[in-house]
Each structure stands twice: as structure tokens, then as C-alpha cells.
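Participant: One structure coming up, written as C-alpha cells, with questions to follow.
What follows is calculated from the coordinates using simple rules that are stated; it is not laboratory data. Since the structure is predicted, the reported quantities are computational estimates derived from the model, not experimental observations. Cβ placement follows ideal geometry from the backbone for every residue including glycine, while neighbour counts extend to all protein chains displayed.
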Amino acid sequence: MMDLKNFLWGSATASYQCEGAWDLDERVESMWDHYLHEEGLENGDIASDHYHHFEEDIRMMKEGGQRAYRFSLSWPRIIKNKQGEINEKGLAFYHKILDCCHENGIEPFVTIYHWDLPQYWEETGGWLNEEVCTAFAQYAKVCFQNFHTKIRKWVTFNEPKWFVCSGYLIGNYPPCIQDVSKTIKAAYHVMYASALGIKEFREGGYEGEIGIVHSFTPVNGVDDRIETKIAMRYADNYCNNWILDTAAKGEIPIDLLSELSKQYDISYMKPEQLKIIKENTVDFLGLNYYSRTLVKPYTSGETTFVVNNSGKAGKGSSKVIVKHWFEQVMHDPNSTYTEWDTEIYPKGLKDGLLEVHQKYGLPIYITENGIGMYEDVTVPQVDDEYRISFMRDHIKAMFEAMEQGANIKGYFAWSSFDLYSWKNGCEKRYGLVAVDFDHDRIRKPKKSYTWYRDMINSNAEN
Ligand code: BGP
């Protein structure tokens, strides 16, 4: 029998996606504000207005049986400029959120960076600039010093793979670059910055644990041929290993490194930095699980990335090819896909959790899991049976992995309430609670909110 006594059942959000109040209380511009304003795209200026609704939101978490809240701190709300000047009003806002969590018996699970780089750093080259790594560590130190008595679970970065590949390879997220060599550099800098943040945490002697959150997608092959196995290894390095191996073992996968060094200048990876990476590995891994990656051997064509669920391309148009490495197979005829083109594949969660457990042996939190759908929130209650079945199947898969020995310590539904879904805007809804963006951001629990509460309570009795 699994022991779920201290299991962290919760839900998650991210600062830019829910806070709003983008220019209030001396918050400065983030790269996302800048980019979306310049391009005239739907933005997170108001989003779910969590800045003014957080008490109601956290109270609803408690009433929904939840025990933990994963959210992120906003760098542009906390640090005003390159000189590191602190915004006391920003700190005060997060103190209020943290106090509110504790008053409601909700454990805060806090991400330091969920993609909202201050624009003043983006203008210096963003993640291509080594200086930003040190700036991140300084910002992380400010967070540790100010909040260490209220936070025991820290995360350096949310999903390096997703924001680096979207920003520097696919080019659909700011800074909208499409360049392999810059992607490698940005990826390296993020992993180095994460290690520097962990070093600050350890040197400060703070209580608690620190980890990283990865957009985990276990890799499957279309058949058992040796060529497919090779393609799978390439895909696994591309999708997972450069984050998980580097964060958990302090080592960039050796075959990846040797492959890259044949084609690109990676002399910026300095021995003293690699030593810091080696010495500052994570206490736990956070895995965001949405789906798996199914691959076949590379046949032909240039490197191509069309990623449907981060743009508004039509269903079935997603495509990923990495020249000479692998091709992603987007449509398994035996599988089910959401209206945003994501395969629903709970088995991948069980397999993936066991794989990560065997490879790294670290505690794991599922830091995001959920389904994004179009929904009419003007009805008295959103009847999101599909979300209930999605969560039920994934939680079942998680339990199966736990029964087979995986050390899983928490599960966070994405998302606590409806919020801004990056380039999808607000119409791609993931929340357990509906937010009516057209009518004062009124909150109404969906059917899944109650189902989640009852599921948590029934498991607590076991
Ligand atoms: C993860 C991010 C979240 C969230 C989620 C859903 O990659 O950490 O910030 O947005 O995915 O993705 P999307 O909103 O693009 O559908």
C-alpha cells in the first residue's frame, strides 16, 4: 500500500500567465510584455488578475482539498534593473501570497524563473549573454534571503527545453531566433545558471530542497529496428537528457557533447563552469507531463519545427524533424488527440516515471499535468468530464509507477484556474476553476475541481 500521508496534492500557475498587474507597483517590463506589445498579440497584461484575486484563489485551493500551490516569482517584479536594485513592493506582494498560503495550510512550491526574463537583460543578449547567468544567481539569492523562512520547496527553472527551443530554435517565443548554435549556447547558459542558483542556495545554508522542472516527454519508437533505437537516443538527448542528466548528475550527455563539438564552437563551456555544474546537482526532479514523443529514423528534409500547441496552426500540422537525427511521428492512428493536437497518452507517464526513477533515483514531483480545451465559461458550471477522465487516467498511471518503486512525492494539476496560455491566449483553458475573462474575472469551480477534492480526500483516508 502506498503511503500518501505527506503527498503534495496541488495545482500550479506561473507569474506571467496569471498575475496581470504588469506595470503596477514598479514592476518593470519582461521580455514577454515587450514582445507581445510590439507584435500586437494577446498578452498577459491582466491575465487572471491573480495580483488582486490571490486570496480568493488560495482559499479555493484549500476548499478544494489541495495541500500545495506551485507558482513562480517574477524577476521583473522583484529586481528593477541591471544594477540589481530591489523592488520592495514586489517582495511585499510575494510575502502576502506566501502568508496567505500558510494561513490556509497550503505548502508553497516556488519556481524562481518561469520564462519572464526582464527586458533589460534581454536587451543585453538574454540567455546568449553569460552575464545573465550571474544575474540569475543574484536574483535567486535575493529570493532565498527574503523568503527562506516561508518556502521549503524551490525550483530554479521551469522547462529549459521548452523556452530555449521555442525561443532560439523554433523561433515562436521571444526572442524569436532560429539558430542551432545559439540554441546550444542558450541551453548551456540556462543549465549553468541553474547550477549557480543551487550553489547560492547551498552556500546560504537554507532549509529545504531545490530542484528543476522539466517538460518531460518519454521517447517511443515506431518499431524495434536498430535505426529506430538510434533515432530514439538522439530524440531523448534532444528532448530530455540535456536537462535531466545535467541537472541530476551534473553531466551533459557525452555522446551529445561530442556530436555538437564536431559541428559547433562550444569553447564557451569553460572547465570552471562545468565544475560548478558537476558540484551543484538538484535534490529532486519536477516533471511536467503532457504527452510522449513518438519517433522514427531520419529520412530526408531540413530541420523543421512546427509546433501546433504553441501557435495557432491547424490540428495535425505539428511536425518536428532534426536533420540526420530523428523525425517525430505526430499521428498514431490508434491514439486520441485533444483539439489542440496533443496526444492523450497516460501510459507514457507511468513508463516515463519508472525510467526517470531508474536513471536518477531522485524524488520526483509531477509539477504539471493537465488538458487544454476550448470552454464556454458563461454556464453555471463547466462540465469538464474530459478533464476528470484525463486526470483520473494520469493519476492512476502515477500510482502504478509508485507501486513499482518510483519515489513520487507530489502531483500538481495544471492549472489552478484558467490563465493566459502563452501564444494561445486565454482561450486554451486548463483550469480547475473557470475564470471569465470578459466579466470581472469571476471565478467558478469546474466539475473537475470537485472531483479532484474528492479524489484527494478519499486517498487521504486510505
Ligand atoms: C508548460 C508550461 C506552462 C503551460 C503549459 C501548457 O510547458 O510550463 O507555462 O503553459 O505548458 O502549455 P500551453 O499553455 O502552451 O498549452
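Participant: When only C-alpha pairs under 8 Å and at least 6 residues apart count, what is the relative contact order of the chain, in percent?
Facilitator: Computed value for the chain: 17 percent relative contact order.
Participant: Follow-up question, since we're still on this one. Show me, for the stretch 24-29, the HN-Hα J-couplings you get by feeding each phi into the Karplus relation (A = 6.51, B = -1.76, C = 1.60, θ = phi - 60°), rounded to Hz, glycine and proline as x.
Facilitator: 8, 6, 6, 5, 9, 6
Participant: Mind checking the alpha-carbon convex hull of the chain and giving the volume per residue in Å³? Intermediate values should be presented prior to the final figure.
Facilitator: On the way: hull volume 63.8 nm³, N = 462.
Cα-based convex hull of the chain, divided per residue, equals 138 Å³.
Participant: In whole Hz, what ³J(HN,Hα) sequence does the stretch 77-86 give by Karplus (6.51, -1.76, 1.60; θ = phi - 60°), x for Gly and Pro?
Facilitator: 8, 9, 10, 7, 7, 5, 6, x, 5, 8
Participant: Grab the other residues whose beta carbon is less than 13 angstrom from that of CYS101, score K and R as +1, D and E as -1, and report the net.
Facilitator: Summing Lys and Arg as +1 and Asp and Glu as -1 gives +3.
Participant: So, one more: Amide H to amide H under 5 Å from GLU107: which residues, 5+ apart in sequence or cross-chain, H placed 1.01 Å off N in plane?
Facilitator: For GLU107, the qualifying residues are ALA68, TYR69.
Participant: Count the net charge of all other residues whose Cβ sits under 11 Å from the Cβ of LEU24, scoring Lys and Arg as +1 and Asp and Glu as -1.
Facilitator: Every neighbour counted, the sum reads -3.
Participant: Further, regarding this structure: Give me the net charge of GLU385's neighbourhood, meaning all other residues with Cβ under 13 Å from the Cβ of GLU385; Lys, Arg count +1, Asp, Glu -1.
Facilitator: Summing Lys and Arg as +1 and Asp and Glu as -1 gives 0.
Participant: Right, another one. From the backbone phi of the stretch 229-242, what are the Karplus-calculated ³J(HN,Hα) couplings (6.51 cos²θ - 1.76 cosθ + 1.60, θ = phi - 60°) in whole Hz, Gly and Pro given as x?
Facilitator: Result, rounded to whole Hz: 5, 5, 4, 5, 5, 4, 5, 5, 5, 5, 7, 10, 5, 5.
Participant: Report Rg(Cα)/(2.2 N^0.38 Å) for the stretch 1-73, keeping two decimals.
Facilitator: Normalised Cα radius of gyration, the stretch 1-73: 1.41.
Participant: For the pairs LYS423/LYS446; LYS296/LYS409; LYS275/LYS347; LYS5/LYS350, flag any whose C-alpha to C-alpha distance is greater than 27 Å.
Facilitator: With Cα atoms farther than 27 Å apart: LYS296/LYS409; LYS275/LYS347.
Participant: Follow-up. Going by Cα centres, the stretch 47-82 and the stretch 401-462 are how many Å apart?
Facilitator: First find each Cα centre; the distance between them is then 14 Å.
Participant: Per DSSP helix of 4 or more residues, -39500 (n - 2.57); summed, then divided by the residues of the chain. What does that give at 222 nm, rounded to the nearest 500?
Facilitator: Theoretical 222 nm ellipticity from helices: -12500 deg cm²/dmol.
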